[in-house]
Amino acid sequence: MSTSEAENLRMQGNTAIQKGDASTAATLYTEALQLEPDNHLLLSNRSLALLRLGKDEEACADARRCVCVCPEWPKGHSRLGAALYSLGKHAEAVKAYEAALALSPDDTGVKAALEDAKQAAARSSIEAQLRPAVLDFAARKQAASALLSAGKFAEAAKEYEGALRAMDELLGKLPERDANPMRDAIGKLREQMYKELVAAKSRKGTQTDTSKA
């Protein structure tokens, strides 16, 4: 009796998710899971509904449980990959999608998702390596600004020039991707620093001319 009732709730949930009502779908899947806690289809479907509701952690938990219950089912691994990707855990998402692809080698959707996850993982790795350097540049910029405010224009200009050279080296290490947020952030910081460098040099020249008068 509980099996047929759980299946009925699952079908209702599927209808709700197809209509874009993830909230109702999640509720229906939850009711069904109370009857069949280890039903991998229900766990997979609720993971999808929760993901669409922005509940990434809960979606990931359901996907992990789905994989544990039915490790040979490829969709469970792909659900896990989607949840991990949404959580920003791109390297783990790659592993999940690879597991799904190993079980279903011809799945073009999984292949595309795996490629996206690999690219995201590569970007995350680069950004993690560069972040300390960017923070250091920000600190140097702050120090140069302080020198500028103190009227030490020559010292400020020297600090800015050193920071800009290092910034150029850093930009050269980044991949050519217009959408790379780290590259955009560095570019904006460099532009701002250059403007302040020009201002520092200009004020230095004015100060020198005044001292000669």
Given 0.36 nm per residue, what is the gain on full extension from residue 165 to residue 53 after removing their alpha carbon distance, in nm?
35.8 nm
In deg cm²/dmol and to the nearest 500, what is the mean residue ellipticity at 222 nm of the chain if only DSSP H runs of at least 4 residues count, each as -39500 (n - 2.57), divided by the residue total?
-29000 deg cm²/dmol
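For residue 147, what is the net charge nearby, where nearby means another residue's Cβ is under 10 Å from its Cβ and Lys, Arg count +1, Asp, Glu -1? Walk me through the intermediate numbers first.
Working: positive: 152, 158; negative: 155, 159.
Local net charge: 0.
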List, largest first, the extents of the alpha carbons of the stretch 79-138 along their principal axes, each in whole Å.
47, 16, 13
Any trypsin sites (Lys or Arg not before Pro) in the stretch 1-52 that lie in a DSSP loop and have at most 10 other Cβ atoms within 10 Å would be 19
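Could you work out Rg/(2.2 N^0.38 Å) for the stretch 2-106, with Rg from alpha carbons only?
On the way: Rg = 13.2 Å, N = 105, 2.2 N^0.38 = 12.9 Å.
Rg over 2.2 N^0.38 Å, computed on Cα atoms: 1.02.
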R0 = 35 Å: FRET efficiency of residue 30 with residue 131, Cβ-based, nearest 0.05?
0.35
Just subtract the alpha-carbon distance of residue 5 and residue 202 from 0.36 nm times their residue separation and send over the number in nm, one decimal.
63.0 nm
Please sort by residue number the GluC sites (Glu not before Pro) in the stretch 1-76 whose DSSP state is loop and whose Cβ has at most 15 other Cβ atoms within 10 Å.
72
Exposure proxy ranking, count of Cβ atoms within 10 Å, fewest first, for 159, 115:
115, 159
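Computed from the coordinates by the stated procedures, all read-outs in this text should not be read as laboratory data. In this text, all values refer to a predicted model and were calculated from it rather than measured experimentally. Cβ atoms come from the backbone with ideal geometry, glycine included; neighbour counts cover every protein chain shown.
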